[in-house]
Amino acid sequence: MSQKKMDYHEFEDFVREAFQQKYMQSAEVEIRSIWKNNGIQRKGLSIIPKGKKVTPTIYLEEFYEEYLRGISLEGIISGIESVYLREKVSEDIEIEYFNQYNSVKDTLRVKLINYERNKQLLDQIPYLKILDLALICYSVIETPTIQNGAITVYRSYMDMWKITEEELFTEALRNSQQHERELLIEMSEVIREFQKDLADDILLPAEHEKEERMYVLTNQPKMNGAAVLWYPGVLQMCAAKLKTEFYMLPSSIHEVILVPAEGNQKQELLSMVREVNDEQVAEEEILSYHVYKYDKTDNTLEDLVTKEVVQVP
């Protein structure tokens, strides 16, 4: 008779206890709740070596699926430890590093997220409210063992660094615009590149010809690229490129889509945003269900849902 499988919470407890026994003398082991974008909460294993502040969180869902498929618990523990040893923060990222603002300031960047969907997170971090969105800051980590790592800046970090919100956002915006430059691409070019990646013999459908006057606005890494709309001067540059006022559609936290205001209807665009968010964008990457209009004369951005208007830098 086969042994009854543990449920997920029992599995978490088993894994935590196994690693607590293994690292009893050198680290604290706990299951942490991590707030992800858009109010998504995930729980993962953290092994925190004594004297360290930064440590990877290892999410256990995939390991639990392996356990349900019959992988032994010994194999599961071995696999988790391999991930920990591979991804743990290298010796050069120690508590002294993050304690010193001069060590951190060049790594600061900005990211744009939804305001309403992230209120619990925003209670703990500095942010700038922009219509129904919020601009936040994070520190990038690049080491031999970590690629594209990020640490969200909390208010407690600002207290430790003894800086103001104005100083924080000024530095993070300057760094972002310098190291993650804005990128404006015609939608047709994006589709052609996507088509090329899929197969050389796939033809571009005729219905995409109308997208010739649609543009994707992002940053050069194409990661958290929606934030470029708050880079000083970027929307003015876009208006000069399009030679008209435009609507802005929030495609995801990584990019926005610009379409000329002339000839497009608000309700059609709202429906398009809703359809894309519901069917094509991962929940954690949704930016907004609203549509915005840029006024090049006043250099303002209007939320077409709430009618709120904000001055653009």
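The values are calculated or read from the model by the stated rules, or taken from the named source; none is laboratory data. What you see is a predicted model; the values in this text were computed from it and never measured. All Cβ positions, even for glycine, are placed from backbone atoms using ideal geometry, and neighbour counts span all protein chains on display. Accessible surface areas use protein heavy atoms only, side chains included; no ligands, DNA or RNA. Shrake-Rupley method; radii C 1.70, N 1.55, O 1.52, S 1.80 Å.
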Just read off the accessible area of ASP123 with the full protein assembly in place, 1.4 Å probe, to the nearest 10 Å². 120
Of the residues GLU171, GLU65, GLU81, which exhibits the maximal mean-square fluctuation in a Gaussian network model of the chain defined by a 10 Å Cα contact cut-off? GLU65
Which one, MET160, TRP230, LEU269, is farthest towards the positive end of the dipole of the chain when Lys and Arg carry +1 and Asp and Glu -1 on their Cβ? MET160
On the protein heavy atoms, probe 1.4 angstrom, tell me the percent of accessible surface of the chain carried by carbon and sulfur. 48
Two-decimal Rg/Rh across the range 248-290, once Rg and the Kirkwood Rh are taken from alpha-carbon atoms: 0.97
Applying the Karplus parametrisation 6.51 cos²θ - 1.76 cosθ + 1.60 with θ = phi - 60° to the phi angles of the range 101-112, what ³J(HN,Hα) value in whole Hz is obtained for each residue in order, glycine and proline being reported as x? 4, 4, 7, 9, 4, 6, 8, 6, 9, 10, 9, 10
Over the range 225-313, the quotient of the Cα radius of gyration and 2.2 N^0.38 Å is 1.03
Among TYR64, TYR231, TYR292, determine the one that fluctuates most according to a GNM of the chain built with springs between C-alpha atoms less than 10 Å apart. TYR64
Quick check on the chain: helices-only [θ] at 222 nm, where DSSP H runs of length 4 and up contribute -39,500 (n - 2.57) each and the sum goes over total residues. Nearest 500, please. -10000 deg cm²/dmol
Please find, in a Gaussian network model of the chain (springs between Cα atoms separated by less than 10 Å), the residue of ASN99, ASN277, ASN37 whose mean-square fluctuation is greatest. ASN99
Just list whichever of LYS119/LYS241; LYS129/LYS296; LYS162/LYS222 have alpha carbons separated by over 24 Å in the model shown. LYS119/LYS241; LYS162/LYS222
How big is the Rg/Rh ratio for the chain, C-alpha atoms only, Rh by Kirkwood, two decimals? 1.03
Exposure ranking of HIS290, HIS179 by accessible area [1.4 Å probe, largest first]: HIS179, HIS290
